[in-house]
Structure formats: C-alpha cells, structure tokens
Amino acid sequence: MSPAQSFPRALVSSAVLLAALACPAAAWAADAGHAAKPAAKAEKAAKEHGDKSAKPTAKASAKDDTEALQRLRERLAAKLGAEKAPEGRNTGVVRVVARSADEHESAAPARKAAPRPAAGAAHAAAKPAAGGAADGHALHWSYSGEAGPKAWGGLKPDFIKCGTGTRQSPIDIRGGIAVDLEPVQFDYRAGGFSVVDNGHTVQVNLEPGNSIVARGERYDLVQFHFHRPSEERIDGRVFDMVVHLVHKDPEGRLAVVAVLLDRGSAQPIVQTVWNNLPLEKHQESPARAVLDLNHLLPADRGYYTYMGSLTTPPCTEGVLWMVMRQPVAVSPEQIEIFSRLYPMNARPVQQAAGRMIKQSN
C-alpha cells in the first residue's frame, strides 16, 4: 500500500484519538491535505500520459508524502504526550503515554494562569491559622490581644502547660496553713549586674555569688525582674508591683522569691536599676554600679510557700514559690517609670486547685 493510500487511515485514526481527548485537529488535517496533493497529482500524470519520467517524480513525491506523514505523526505524538518510536522500529507506530496530574502541571507553560481558587478556599487562605500571624510567622506571646494569656497554650507546642497545667502561677493566696516554716537563708552579696528590656519586662542579670537555701536545698540566684501590677494576690489584694528573684539548683529546679512592692518611699535598689535602663530593647547593658540585694528584702522574712509554675510561657510547673508576706515600699515616681515601659505585664491569677499553701507563724 502506497503512503498516499495509507494516509487517510492514519488521519482518521488520529482524528478519532484527538476527538476523544478534546484536542483540535484542524491544523494538522490542513497540513496533511497539502502534503497529499503533490502525490495525487504525480500519480494521475503518470497514468494519463504514461510518461516514464513521471515515475521518479512520483517516487520523490511519495517520499515527500512519507516524510510529511511522519512529521504529522510526530506532531500528533507531541500533542498527545506520545513517545517517539525507537530507531529501527516501525515509524508508523505512535505510542501514547498517559501523564499524571503532577507531570501535566510541571509541563504547563509558565505563562499559563493558575486556576482560580474557589471563594471558600480564598477566604481560608486569607485567614491566619490559629496561633499564627497573617505574614506566616507564629504569634509572639503577649499580655493582651490575640496572643494574650488565654491563647498562650495554643501558640506553640512547648506552651501547652499554659492551658492544661494544674499547678499554675500566680494564685490568690488565701487560707494558708500557719506553721513553723524553716526560714529562707539568703546569701546575697554586692556584685555586678546588667539590665535588659526583653520586650516583656525589665530584667536584671547578676554575676555569680548570690544564693538561697530553702527546704535544705541550695539555689543560685540567676536574675530578677518586675511585674505591674503584682501577679500574686494576698486574700484578694493586688499590690502596685512585684519583683521576682529567680533561683536555680544544680539539677535545674527553680525557686522564686516574690517581693511585693507597695507605694511609699523610694527604693534604692529599684532606683539603681532604673538608672541603668538600656536605650534599646533586647540589648543587655552592663552597669558600672553594684547591687546588694539584701537591701531589696523586707525586714520581716516571713513568707507563704506553695508549688506552682513560671508565670510566663512555657509555664513550666514544679517551681517552688516563696512570697514574702511584708511588702517593700517604692515611690510613685519609680512606679511611673516602669509604667511608661509596661503599663500592665501581669498574668491573671490561676486556680489554686486545692494546692497546699503554707505560711510562716
């Protein structure tokens, strides 16, 4: 069978395949029709005139037809995702290979517009995920707003105790059992320090050398920081401020001494800290002065004690709390200085949940 005779069958088969895949074939059929005309004319001329010289022309036309048909097959193959037949095999075979959705996506031209999302999907994409900001970054915990205390437990997996813990701090200290508590042994010495505004409070980092002994265990003083108003309440009473002195033992267990600050005369240790406030947040500023924290403690060393947690994320539990019963005076001006930085940085009180609370006789 001559190429001119086999061409219609190939064209019909291709057209059927194209129609099944909803691909236009008009352009290819037009090319095929143009390619077939020279062969038909050459064959007709050879039969009517018997011109011997027409045979080579017909053969040349047939060759051209074969090449045109092959080009058509290759174009069909390219459009249908077919693979080119290996060398030496039947060139009339077109093998169609189905592509996955991912392959089609990657093969699509770069200028092709992305599919338009449904209205619901677009709304969901615009809405930030729980615990995440609109720019894709996780929300940083805060004392108010979207990342406030009620949301802390859902901001990060590490913060889960803030929402699920059963021994959380601070608490409203009521009905403490009066017993002969062993006095806290303070071993505080004058030493160097640095101040940092960490974005949540003013924190003072101390040189080594300060410690306490509580319940027979030694804890080294690491840092202290301030809250306004006081996080702890005593029988419902809230104080102007509180300072938390954070200690750690060699095993990493924490013990916090809370000194309540009440409006009154100026406090020299607090003033020394304010004098060394850094000009920028998150930049630790070493001080030239020294601190002797014995002057921050009340004269009466009686205290309340209970087991609780950190009052900021990750709200780690197992913290030993000792809240000094007698408040220490700070001046209104000193309170105002801190208020300009942090008007409110206190976690709401948490449920006591039947915890044992002891207090000094």
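The values are calculated or read from the model by the stated rules, or taken from the named source; none is laboratory data. Computed from a predicted model, the values in this text were never measured in an experiment. A quick note on method: Cβ atoms are made from the backbone with ideal geometry, for glycine too, and the neighbour counts reach across all protein chains shown.
Applying the selection to region 315-349, what residues are of a type in the set (S, T, Y) and in a helix (DSSP H, G or I)?
S339
Just name the residue that is nearest to the chain's Cα centre (by Cα) out of those in region 249-265 that are closer than 16 Å to S211 by Cβ and surrounded by 15 or more Cβ atoms within 10 Å (Cβ to Cβ).
The selected residue is L254.
Which ones in region 350-361 are in a loop (DSSP other than H, G, I, E, B) and either under 31 Å from the mean Cα position of the chain (by Cα) or hydrophobic (A, V, I, L, M, F, W, C) (or both)?
Within region 350-361, Q351, A352, A353, M356, I357 qualify.
Only one of these is modelled with pLDDT of 95 or more, in contact with a helix residue (DSSP H, G or I) (Cβ under 7 Å, 6 or more places away or on another chain) and either of a type in the set (V, I, T) or more than 15 Å from F338 (Cα to Cα) (or both): V222, V195. Name it.
Exactly one residue qualifies, and that residue is V195.
Which one of these is assigned by TED's automatic domain parsing to the domain that holds Q185, surrounded by fewer than 15 Cβ atoms within 10 Å (Cβ to Cβ) and either hydroxyl-bearing (S, T, Y) or not in a loop (DSSP other than H, G, I, E, B) (or both): H225, H295?
One residue alone meets the criteria, H295.
Can you name the residue in region 228-243 that is in contact with a helix residue (DSSP H, G or I) (Cβ under 8 Å, 6 or more places away or on another chain) and closer than 16 Å to P298 by Cβ and, of all such residues, is surrounded by the fewest Cβ atoms within 10 Å (Cβ to Cβ)?
D240
Determine which single condition K281 fails, assuming it passes every other condition in (1) in a strand (DSSP E or B); (2) farther than 28 Å from L320 by Cα.
Against the list (1) in a strand (DSSP E or B); (2) farther than 28 Å from L320 by Cα, K281 comes up short only on (1).
Based on what the data block shows, is V270 surrounded by 14 or more Cβ atoms within 10 Å (Cβ to Cβ), touching a His at 6+ places or on another chain (Cβ under 9 Å) and either charged (D, E, K, R) or outside any loop (DSSP other than H, G, I, E, B) (or both)?
No.
With the requirement that a residue be part of a loop (DSSP other than H, G, I, E, B), surrounded by fewer than 14 Cβ atoms within 10 Å (Cβ to Cβ) and not charged (D, E, K, R), what does region 160-189 give you?
The answer is T166, G175, P183.
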